[in-house]
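As structure tokens, the structure follows; a few thoughts come after it.
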Amino acid sequence: MHDYSAPDNGTLVTTRPTSLLLSKFKPPGLSGKSLRRDALIEELTTNATKAVLIEAPAGNGKTTLMEQVYSALRRRDISVAWLTLDAYDNTAEELVQYLGRLLLEAGILGSNDAKVAQDILDGQSPRASLAALLGKAASVGRRAVILLDDVHLLTCPGCLSLIRMLIEDSTNDFRFVMASRHRPSMDVAKLQLQGTLYIVSAAQISFTQGEVAALLGRDYTDELVTSLYDRTHGWPVAVKLFAVAA
């Protein structure tokens, strides 16, 4: 039996050897003073594709954009849940526990959610557990958006298989927004051909010239803004570093 009660030390205790970290279910809080990306937020929150992958190297503002999407969905009273993945998510047995909690956080399992998740996760294989959780969620029929950050840190084939299963075997009531520094090894091309996955590139999330001007403020001439945009190609971290140093 998996105990999902939260003790005083801030971790989510289960009867398995590894405790689940509650901090992974919340955005890291980077977007508070960042430029709001309204056009991208609208695109990501209204895109009809079941899953969106934001694929871009470090410094492109993936997590910040994901946080802004998360906040926008919450303001619209849309059920949303967040999970930050890391290099320690290296077994399917551990990851499925996080995915079970993620579905609880999204509020899509129905009444007596915690007890349902405990019973399903107890004594089954990771794939069987996730299949049962998704089946229960489908029977409830609630809508939700699930955000997965740092997908590139997953290297375990079994873990990547669970993420793909989460996307493919869930109902169309669920949508997914993921961020990764590179394309994860879960047959992305096939998901694209199926129309299941839409990829947002680094070029698409780079600042526009208008956003560079907005970030720098009115003290900068149009010529300087144009020059900076041309030199950085709108790479967010370069523009922000210039703004701080100027």
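The values are calculated or read from the model by the stated rules, or taken from the named source; none is laboratory data. Note that the coordinates shown come from a computational prediction; the quantities given were computed from them, not determined experimentally. Neighbour counts run over all protein chains shown; Cβ positions are idealised from the backbone, glycine included. Ligands, DNA and RNA are stripped out before the accessible areas are found, and what is left, the full protein with its side chains, is counted by its heavy atoms. Shrake-Rupley method; radii C 1.70, N 1.55, O 1.52, S 1.80 Å.
Before moving on, here are some points about what is shown:
- Segments classed as helices (runs of 4 or more DSSP H), wholly inside segment 128-246, with at least 1 members that are open to solvent by less than 60 Å² (accessible area, probe 1.4 Å), among the polar types (S, T, N, Q) and at pLDDT below 90: 222-232
- Odd one out for residue 51 among (1) open to solvent by 30 Å² or more (accessible area, probe 1.4 Å); (2) among the hydrophobic types (A, V, I, L, M, F, W, C); (3) within 27 Å of residue 142 (Cα to Cα): (1)
- Of the residues 67, 105, the single one that is of a type in the set (D, E, K, R), open to solvent by 30 Å² or more (accessible area, probe 1.4 Å) and either under 17 Å from residue 26 (Cα atoms) or in contact (Cβ under 8 Å) with a residue 40 or more places away in the chain (or both) is 105.
- Hits in segment 83-102 (condition: touching a Cys at 6+ places or on another chain (Cβ under 6 Å) and open to solvent by 10 Å² or more (accessible area, probe 1.4 Å)): 90, 92
- Enumeration of residues in segment 70-82 that are part of a helix (DSSP H, G or I) and open to solvent by less than 50 Å² (accessible area, probe 1.4 Å): 70, 71, 72, 73
- Answer residue from segment 25-42, given it is more than 18 Å from residue 235 (Cα to Cα) and in contact (Cβ under 8 Å) with a residue 40 or more places away in the chain and is least open to solvent (accessible area, probe 1.4 Å) among those: 25
- Only one of the numbered conditions (1) within 30 Å of residue 212 (Cα to Cα); (2) of a type in the set (Lys, Arg); (3) open to solvent by 40 Å² or more (accessible area, probe 1.4 Å) is not met by residue 62, and that is (3).
- Search result, residues across segment 197-239 that are touching a Ser or Thr at 6+ places or on another chain (Cβ under 7 Å) and closer than 27 Å to residue 161 by Cβ: 197, 198
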